[in-house]
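The structure appears below as C-alpha cells.
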Amino acid sequence: MTEKAAPDNIEQAPVQNGTVVVKMVHLRKSFENNHVLRDINLVLNKGENLVILGKSGTGKSVLIKCIVGLVDCDYGSLSIFGEDISELSEKELMETRKKIGFLFQSGALYDSMSVRENLQFPLRRQLHSIPKDKMNSLIKEALENVGLAKAIDKTPLELSGGMRKRLGLARTLILKPEIMLYDEPTTGLDPITSKEISKLILEVQQTYNTSSIIITHDMECARLTADRVVVIKDGMCDAEGTFDELKNSTDAWIRSYFE
Amino acid sequence: MEPRIRIRSITREKIEENFLASVFGKFFIEVASLASFTLRFFKEVLKPPYEFNELLKQSFLVGYKSFPLIAITGFIIGLVSTIQSRPTLANFGAVSLLPAMVAVSLIREIGPVITALIFAGKVGSGIGAELASMKVTEQIDAMQVSGTNPFKFLVVTRVLAATLMLPLLAVLADAVGLLGSLVGVNLKGHVSVSFYFSQVFQALRFGDLFPAIVKTFFFGFAIGLIGCYKGYYANTGTEGVGKAANSAVVFASLMVFIIDMIAVQITSLYQN
C-alpha cells in the first residue's frame, strides 16, 4: 500500500442500514497507470445479498480480492467486522479470512486432490484436532447440500463445469463463513445450471445467514439473489438500489444492463 | 503484498526510460526478487506451524519417484565412462587402474552433477509447472483465502524435500554407477566383484566423498528454490506455465554448474 488515509469526506461515506460487516470508504486501487478502483464507497450489511454489476475490467474482482487481502488497496479504508484490514497483522488477517468464503470464478479446486480431499483440506487446516468421523460427516453434509454426494471419490477433472462450481461452493461453505464472496458464480454455465447455482446462493443465505457479495453479469442470477444491487462505472459506484429500482432507472446506461 | 510485485511496480516506470537501463534493470530486479524469495524461505522455514505431512509427501514424490530415472542414468554413466576410459588407460598399460579412476571421477564429480541435472529436468520443471498451473487456476489464492500460508505449504516443503532428497539420490546414483562400471570392466576381461570393490575403496578417500555429498545439498536447494520461484511468480495464462517450467530447468541447470565450480574451488583449497 503506497498511501492510505482515513476518509476526509464523511458525507460521501456509504449508507448503513443494519449491522455492517464490510465497509469500504474512498477505496482506490491502481495497477501502474491503470486506475481500476477510483473511489469506492460501499457497505455490506449482515445477512444481505449484495450484487455488483459492471462492465468487464471495471475492477469488480479486484474489489472482492481487496476484502480478503489478496490485493492491497492504495488508498482509503476497508473494514471487516469493524476492523480495518490494513492494520491487521498477518496472523490476524489469517483469522479474519477464516470468516470469509470466496468462490472463485474458476472454482480454484485442487486438481491433485480428490473431491473428498478438497473438502478435507480446509477442515484439517482450520479445525486441527477434528475427529475423523466428525470430519466425514461434515464432508458428507457439505456434498449433500450441493448435490454432489455421489462424486466424493472423483477428481475435479472428472467433474462438469456446474459440478466444479458446486464443489467450490461446498469447499467454501464447509467452514460456515459469515461472509461469502462470489466471483461470477454462473459464468460459463447453461441457464438451468446457472439457476441451480443461484438457488444455492439463496439457500446459503437463508440457511447460514451469511452476508454475500455476488459479482455477476448474469441478470437472472442477479434478479434471483439480490437484496441490493450496486453498479460500478469507471471505478466508482455509479448507482445503487434494488433490482427493480435499477431496472426502471431513468438513466438509460443503467437500464441497458437489464435489457 | 508480495515483495517482488512491489519492487517491480516501483521500478518499472524508471527502467523503461531507455533500453540499456531496461535490460540491466530487469536483471537486477530478478536478482533482488530471487534474494527476497530466498530470505522469505529462511524466515518461513523456522516459523511454526511445520508442514511435516506435506514435507513427507513431497519427499516421496521428488525422491522415490525420481529414483528409477536417476538409477538408469547412473548405471549408464558408470558403464559408458568405463568403456570410454579403457583404451586410453590401455595405451599406458594402466588398465588395472580403471576401477579406481572411474570410481573417483564418478563420486567426486560425474555422479553428483549428472544426478543434479537429471533432478533439475524432472523435479525442477515439475515444481515450476505445478506451481505456475496452481497460480493460473487461482489455487494459490484459494489456499491463502482459506487461511493457509501457501508459501509455507507449497514452497518451503518442496525446497526442503529437494534439498534432502538430492544427496540421497546422488549416493544411490554413485552406487548404481559403480555397478555399471563393474559391468563395463567385465565386458573385456574378468574382474571379480570383491577385487573390483577393493580397488574402488582403496582409491577413494573421505575427502572425495564428503565434499561431493555436501555440494548436492546446495544443488538440491537451488533446484527446489528456482523451481518454486519460477512457478510462484509465473505470469498468468497457459503460456506462463510453459515458460515457468522451461526457465526453471534452464536456470536451475546453470546454477548447478555455478555451484559446482565454486565447490570445486573451495575443495581444492583444502586438498592442496
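The values are calculated or read from the model by the stated rules, or taken from the named source; none is laboratory data. Predicted, not measured: the structure shown is a model, and the values here were computed from it. Note: ideal-geometry Cβ built from the backbone for every residue, glycine included; neighbour counts use all protein chains shown.
For region B:50-82, give me each residue that is within 14 Å of B:Val183 (Cα to Cα) and out of contact with any Pro (no Cβ under 9 Å at 6 or more places or on another chain).
Selection gives B:Ile72, B:Gly74, B:Phe75, B:Ile76, B:Ile77, B:Gly78, B:Leu79, B:Val80, B:Ser81.
For region A:70-106, which residues satisfy the criterion of being at the interface with chain B (Cβ under 8 Å from one of its Cβ atoms), assigned to a loop (DSSP other than H, G, I, E, B) and under 24 Å from A:Val36 (Cα atoms)?
A:Leu70, A:Asp72, A:Phe104, A:Gln105, A:Ser106
Would you confirm, using the coordinates I've provided, whether B:Met255 is within 19 Å of B:Arg158 (Cβ to Cβ) and free of Cβ contacts under 8 Å to residues at least 60 places away in the same chain?
Yes.
Inspect region B:193-208 for any residue being among the charged types (D, E, K, R) and within 20 Å of B:Gln139 (Cβ to Cβ) and give the result as yes or no.
For region B:193-208, residues among the charged types (D, E, K, R) and within 20 Å of B:Gln139 (Cβ to Cβ): absent.
Give the residues of region A:108-145 that are part of a loop (DSSP other than H, G, I, E, B) and β-branched (Val, Ile, Thr), sorted by residue number.
A:Ile130
Mind checking which residues of region A:107-123 are facing chain B (nearest Cβ under 9 Å) and among the charged types (D, E, K, R)?
Across region A:107-123, the qualifying residue is only A:Asp111.
Does A:Ser198 qualify as being of a type in the set (Gly, Ala, Ser) and closer than 20 Å to A:Leu63 by Cα?
In short, no.
Of the residues that sit in region B:210-248 and are at pLDDT below 90 and in a helix (DSSP H, G or I), which one is nearest to B:Glu109 (Cα to Cα)?
Checking each candidate, the answer is B:Gly240.
Among residues belonging to region B:173-207 that are surrounded by 13 or more Cβ atoms within 10 Å (Cβ to Cβ) and within 30 Å of B:Thr38 (Cβ to Cβ), point out the one that is farthest from the chain's Cα centre (by Cα).
Across region B:173-207, the extreme among qualifying residues is B:Asp174.
Across region A:86-129, which residue is modelled with the lowest pLDDT among those that are farther than 26 Å from B:Phe52 by Cα and among the hydrophobic types (A, V, I, L, M, F, W, C)?
Checking each candidate, the answer is A:Leu88.
Could you tell me which of the residues A:Ile254, A:Ile192, A:Ile201 is in a helix (DSSP H, G or I) and loosely packed, with under 15 Cβ neighbours inside 10 Å?
Of A:Ile254, A:Ile192, A:Ile201, the one residue that is in a helix (DSSP H, G or I) and loosely packed, with under 15 Cβ neighbours inside 10 Å is A:Ile192.
Filter region B:121-151 down to the residues that are outside any helix (DSSP H, G or I) and at the interface with another protein chain (Cβ under 7 Å from one of its Cβ atoms), then identify the one that is farthest from A:Ser112 (Cα to Cα).
B:Gly147
Across region B:152-172, what is the total count of residues that are away from every other protein chain (no Cβ under 14 Å) and surrounded by fewer than 24 Cβ atoms within 10 Å (Cβ to Cβ)? Even if it seems obvious, please write down each step before you answer.
Narrowing region B:152-172 to residues away from every other protein chain (no Cβ under 14 Å): B:155-156, B:159-172.
Going one step further and asking which of them are surrounded by fewer than 24 Cβ atoms within 10 Å (Cβ to Cβ), we end up with B:160, B:163-164, B:167-168, B:171-172.
Selection size over region B:152-172: 7.
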